[in-house]
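Taken together, the values in this text are just the output of simple stated rules run on the coordinates, not laboratory data. Since this is a predicted model, take the numbers as computed values, not measurements. When we count neighbours, we look across all protein chains shown, and the Cβ atoms used for this are built from the backbone with ideal geometry, even at glycine.
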Amino acid sequence: MSCIRFNTAAQRQAMRDHCPVMLTSKEVAGLHPAPPVTESKIRRLRLLAADTNPKIRESAASSHHTPEEVFVTLAKDTDEGVRACVARNETAPRDVLRSLADDPSERVRGFLAVNLFVPTDVMQRLADDPSGIVRGLVGWKSALLHA
């Protein structure tokens, strides 16, 4: 007995005819709104950013609601993973992203290179990065944006 199911052409057409209508991301967001950002949430993010566990600090660095001064602190974190989360966060302030352009970690600079919200001057600096991987990511992102 096979676990493979073979549908007839009529069955496949019936499934296509009865499939749900695809929604846009805006329509989905409208159906499932995010809860409002409260002072309590901001307080929790500040606590997460100060945790001794770097994985917990990464969660704060990845949040779209992290306050600017917390991003500034997390961008200077001793843990490479925390700084990488800041570098790839689309909502991190531009000046914070700028500060990561000279990060000693190739991983951090690589995530910075693929972040679509990195300022142009930072991308120009990363295009001359000593790491071939970072330069390659800059080229890949540039090709992707101009395709």
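Condition test on VAL82, is it within 12 Å of LEU112 (Cα to Cα), crowded, with 19+ Cβ neighbours inside 10 Å and touching an Asp or Glu at 6+ places or on another chain (Cβ under 8 Å)?
No: the conditions fail for VAL82.
Consider ARG83 carefully, then state whether it is closer than 20 Å to SER131 by Cα and of a type outside the set (Gly, Ala, Ser).
yes
For SER40, are the conditions met, namely being over 20 Å from the mean Cα position of the chain (by Cα), loosely packed, with under 14 Cβ neighbours inside 10 Å and more than 26 Å from ARG125 (Cα to Cα)?
Yes, satisfied.
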